[in-house]
Each structure stands twice: as C-alpha cells, then as structure tokens.
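Visitor: First, the structure itself, so that you have it in front of you.
No lab work stands behind these numbers, since they all come straight from the coordinates. For clarity, every value in this text was computed on a predicted model and none was experimentally measured. Neighbour counts are summed over all protein chains in view; Cβ atoms, including those assigned to glycine, are modelled from backbone coordinates with ideal geometry.
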Amino acid sequence: MSNKKAVLAFSGGLDTSVCVKYLQNNHKLEVITATVDCGQKDDFEEIRKRSKILGAIKHFNIDAKKEFVENYVGRSIRANGLYQGKYPLATALARPLIAEKIMEVAAQENAIAVAHGCTGKGNDQVRFDIAMSSIDPTIKIIAPIREMNLTRDFEIKYAKKNNVPLSEEIKRYSTDTNIWGRAIEAGKLEDPWIEPPEEIFSLVKNRKIPAEYLEIEFDRGVPVAVDNRKMSLMNMITYLNTKAGSHGIGVIDHIEDRVVGIKTREIYEAPAALTILAAHKDLEQLVLTKHELRFKQIVDDQWSWLIYSGFWFDPLREDLDKFIEATQIRVTGKVRMKLQNGSAKVVGRKSKNSLYRQSLATYASDSIFDQNLAKGFIELWGMETVIANKLSKVLPVKGKGVNRNEKRV
Ligand code: ARG
C-alpha cells in the first residue's frame, strides 16, 4: 500500500464501512476516517472501534453540533426551510458542514483525496461534491459506492465477504439522523402505498396523551425560550424532539423529487423542526407586512431549493440570507402551541411588533375602521377587471371557450 492518504466521511454505517475496504483495496490508499457529530446520537466510541477494525490508520470524531445548530439550523428556521413545503432539510443542511470538516482534516493530514459513501442515485453526492470542490477544486473526490455502481443488496454481500460487521437495523433501512430530524428510506418503505410501520420511528411515539400547551418565545427569528425558560437552540430542539414526539408530532411522508430526476418516497421524523417552524411562520404572519410576507415566501422557497439541491456554497444563498436576516429584526414575540394527537397547532401569538390592530379588525361597535372608505377603494381596486369584462361584451373574441359571450355554432 502506498502512503498516500484519503479522508473518508465515516458514519459507521453500511456504505461508509464498505468504502474503507474499497479505498484500501482498489485505490491503494491509506484511509483516515472522520465522523462529524451533528447530533446523530450514535455511539461514537463504537464508530471509532469500527474504523480501527476496518483498518483505518486514524480516526477523528468532530463535534460540530453547536455550529450545525447555530449556523445551519438557525438560518433554516429564519428561512422557514422546507423543501417542497414538507421536508425540513435535516440531511441537506448537515452535508455542507460535514464536507467542510472533512476538507479541514484533509488539509491538515496532507491527504490527496477525500471520500464519501454516497450512491449515484441520491442528493447527498451532489451536496458533498459541490461543497468539497467549492472549498478546494484541486482535491480528488472518491465516491466508492457510486464508482462501483453498488446496490444495497450487493453492499451487504460485499460487507459480509470483507468481514464488515452489520446490525439488523442497518440491513433493513437506510437512515440518516441529526438533531434537526431523521430520514428513513429503503426496504418496504419503497412501496408508496405501504403505511410506514411504527418500528421505524425513534422519536415519534403514537400514544394518545392529554393535550399540552407550550409557549415558544422568539428573538429576531430565533427561538430562545420555552414556557419562559431560556434555553440554547440546541437544548430546545432536544427538548422539543422528546416533548412533541411524545404527542406523535413530526412524521412526514413525502413523495419527493430528487435532484437526479428520481421521485422517491421519503419518511422523516422531525418533531422539534415541525413545531418550531409552525410557530416561526405564524409569528412572521403577525409582524411582517403583506408585502414582506409575499416576497419572503418566494425567497424562502428559493433558499430551501438551494439547500436541497447542493448549493449551500453558492453566493446566492448568502445573498438570500442577507434579505432573510433583515426581515427577522421584528420577528420577536411569543407563540402559544397546543400539542395533541400528532398535531402542533398554533393557538395564540403576541408581539410588541405586532401589526394586528384589534380596533381595526373588530366586529364590535368600538371599531375605528371607516366602512365608507371601502366603497371607493373597491372601485379603484377592481377597475381594470370591470373594464376588461365590459370590453369583452362588446368585442367578438376569437378562439374556443375563452369568452363567455362567444356565439356558439
Ligand atoms: N431525501 C433526503 C435528502 O435528500 C434524505 C436523504 C437521507 N440520506 C440517507 N443516506 N438515508 O436530504
């Protein structure tokens, strides 16, 4: 074996375990493994041992939880980050950070290559490749599973042949977890008609327990306290994952459009993410103007699409973040949520920056809204529509079925 080195993003799962062997056997490289902790609650000592058993020359365990929560999840909350309106982007957000950490180790260890265990069918390869080459376009990226065109079944066989130890869970499903959520794929979930079995969930419990209320306080778009208890965003997410999860909140069953052109069925559990995002969106509705809200929705969608599609490092993401941050200055206040039977419902909200005026909205007799103003307003507001309709009554219109006054023949 040469003394050339590759740094592998190592989770200890099936794909990355197979990668260690492949880099050694086929590329004749010494392998350094690095596990980046984004809150996946794995047994990191086990992973270290596993790396050693597989013959890696060094292993790094990098705690990136704080950075992940503050720089990635925090931004996503402010951007109401949901891909296709459903997926809170947990995996997608972690990939660029993992890539960055792997590249740091590669520079420090003088490695000639970096490697990841992504298949050629998923989004993660796109995110890793773009992030890694944005950081250093000269480094070689090796993706063994993609290179060998491996399927999961074959990987399991390859792993057994190479004495790679596998757990039962690893064999049944492909999962990816971090503090913001957990993705579960493969196995029987591939049939979009099959209901996800209870056994796949680890945070969401389907127990019917009495409703609970929760007050989430935001400071400039970031949640800072629950029920008047100040806590770090990290502690809050951990707390809400358990709390909302115990009410059965957080399951997402999504027919998702991948970057590489495939539609897939994805199951996620993300109790804290869904609870916080619902609260944040509602507070924005109270404090931002309708113009800000309309435009921000476009920006939020674009932001989520960029993150999903592997463009964390594109300058546009930073440009959008600047706009998003500017809108968050007034997103301070409290949201009251009711947790019950799988739903996190907003039932109240208040803010010193609220644009809601009860004196205007009320149907009671003390309303200060002058109804007489409405008549003239509507006349101007609808003027073009009224003219267009008048015109179409006078002019014959060509084409079929476009005009209600068209003569039928
Ligand atoms: N579909 C999700 C995404 O693209 C989740 C991917 C989960 N990854 C995994 N290796 N199971 O972000």
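Visitor: Out of all DSSP beta bridges with both ends in segment 5-172, state the antiparallel percent to the nearest 5.
Guide: 5 percent
Visitor: At 0.36 nm per residue, and after removing the present C-alpha to C-alpha distance, how many nm does the segment from Asn162 to Ala326 gain when stretched out fully?
Guide: Result: 53.7 nm gained on full extension.
Visitor: Could you name the aspartates and glutamates in cross-link range of Lys28, using Cα to Cα under 16 Å and dropping any fewer than eight places away on the same chain?
Guide: Here the aspartates and glutamates satisfying the reach criterion relative to Lys28 are Glu147.
Visitor: Within a 10 angstrom radius of the beta carbon, how do Ile142, Ile255 rank from fewest other beta carbons to most?
Guide: The order, fewest Cβ neighbours first, is Ile255, Ile142.
Visitor: Over 22 Å between Cα atoms, which of Lys86/Lys345; Lys290/Lys390; Lys230/Lys338; Lys208/Lys350 qualify?
Guide: Exceeds cut-off: Lys290/Lys390; Lys208/Lys350.
Visitor: Among Trp303, Trp180, Trp312, which comes first, second and so on when ranked by fewest other beta-carbon atoms within 10 Å?
Guide: Least crowded to most crowded, the residues run Trp312, Trp303, Trp180.
Visitor: Which aspartates and glutamates, on any chain, are close to Lys393 with Cα under 14 Å apart, when same-chain ones fewer than 8 places away are left out?
Guide: Glu406
Visitor: Could you identify which residue out of Gln285, Gln371, Gln358 has the top mean-square fluctuation in a GNM of the chain using Cα springs shorter than 10 Å?
Guide: Of Gln285, Gln371, Gln358, the most mobile in the Gaussian network model is Gln371.
Visitor: Cα to Cα, under 12 Å, and not fewer than 8 places away if on the same chain: which aspartates and glutamates meet these conditions relative to Lys375?
Guide: Within reach: none.
Visitor: Select from Ala388, Ala272, Ala56 the residue whose mean-square fluctuation is largest in a Gaussian network model of the chain (Cα-Cα springs shorter than 10 Å).
Guide: Result: Ala388 has the largest fluctuation of those listed.
Visitor: Calculate the length of the line joining the C-alpha centroid of segment 54-96 to that of segment 272-339, in whole Å.
Guide: Each part's Cα centre sits 17 Å from the other's.
Visitor: Can you say what percent of the DSSP beta bridges in the chain, counting only those with both residues inside, are antiparallel? Round to 5.
Guide: The answer is about 70 percent antiparallel.
Visitor: Which of Lys101, Lys140, Lys390 comes first, and how do the rest follow, when ranked by fewest Cβ neighbours within 10 Å?
Guide: By the 10 Å Cβ count, ascending, the order reads Lys390, Lys140, Lys101.
Visitor: Continuing with the same structure: Which residue, Leu373, Leu316, Leu54, tops the fluctuation ranking in a GNM of the chain built on C-alpha contacts under 10 Å?
Guide: Of Leu373, Leu316, Leu54, the most mobile in the Gaussian network model is Leu373.
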